[in-house]
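Heads up: the structure comes next, in structure tokens.
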Amino acid sequence: MNRAQRHAAILRLVADRPVGTQTELAEALRSAGHEVVQTTVSRDIHELGLIKVRHESGRLVYAPPSAANAALNEAISVALGRWALGIEASGNLVVVTTPDGYASPLAQAIDVGHHPHIAGSIAGENTVLLIAREPATGAQLADELRAQAMQGAA
């Protein structure tokens with residue numbers, strides 16, 4: 001088996017079932033008929049850019065990098081649904097109001113989530129200022145964030 005075939009097998013395995021450790025992945029590959037050692041599996045994980053995400057069972061498991069984007073997007077939605085009281089646009093800016101003390105955690109969730117339409121954030125005590133990344137406008141970003149807040153509140 002060549003590297004490309006092994007990589008394809010790994011991606012299939014992590015998509016089909018929760019695999020939380022290199023040992024589990026090596027055993028699953030061996031069960032599927034692929035002779036591997038843990039150092040090869042470790043290198044493959046790095047080359048594929050696999051990340052750990054929280055499975056519905058609560059356990060951390062390997063996932064392809066694309067899963068990170070979905071998880072981060074969901075984290076932004078949850079944070080907005082939990083803490084955003086108001087979302088208002090002005091030019092290329094968006095002002096998000098929160099209860100006292102919650103602006104910083106909301107801004108942190110947005111920053112970590114690397115929202116593609118947000119160039120940056122500034123947080124106060126109960127207000128987060130978001131700068132829309134061109135060509136998006138503040139109004140477009142505000143509409144998008146309101147929709148995300150509704151998803152996170154559901």
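The values are calculated or read from the model by the stated rules, or taken from the named source; none is laboratory data. Being a predicted model, the structure only gives us computed values, none of them experimental. Every residue, glycine as well, gets a Cβ built from its backbone with ideal geometry; the counts of neighbours run over all protein chains shown.
Taking the criterion of being within 22 Å of Glu56 (Cα to Cα), in contact with a helix residue (DSSP H, G or I) (Cβ under 8 Å, 6 or more places away or on another chain) and touching a residue at least 24 places away in the same chain (Cβ under 8 Å), the residues of the stretch 1-38 that qualify are Ile10, Leu11, Val14, Val19, Leu25. Tallying residues that are of a type in the set (S, T, N, Q), surrounded by fewer than 21 Cβ atoms within 10 Å (Cβ to Cβ) and part of a helix (DSSP H, G or I) within the stretch 75-106 yields 1.
Please count how many residues of the stretch 107-128 are part of a strand (DSSP E or B) and buried (at least 20 other Cβ atoms within 10 Å of the Cβ).
Qualifying residue count for the region: 4.
On the stretch given as the stretch 96-129, residues that are touching a residue at least 24 places away in the same chain (Cβ under 8 Å) and closer than 11 Å to Leu145 by Cα total 4. Taking the criterion of being in contact with a strand residue (DSSP E or B) (Cβ under 9 Å, 6 or more places away or on another chain) and either more than 13 Å from Leu93 (Cα to Cα) or not assigned by TED's automatic domain parsing to the domain that holds Thr137 (or both), the residues of the stretch 103-122 that qualify are Ala103, Ser104, Pro105, Leu106, Ala107, Gln108, Ile110, Asp111, His115.
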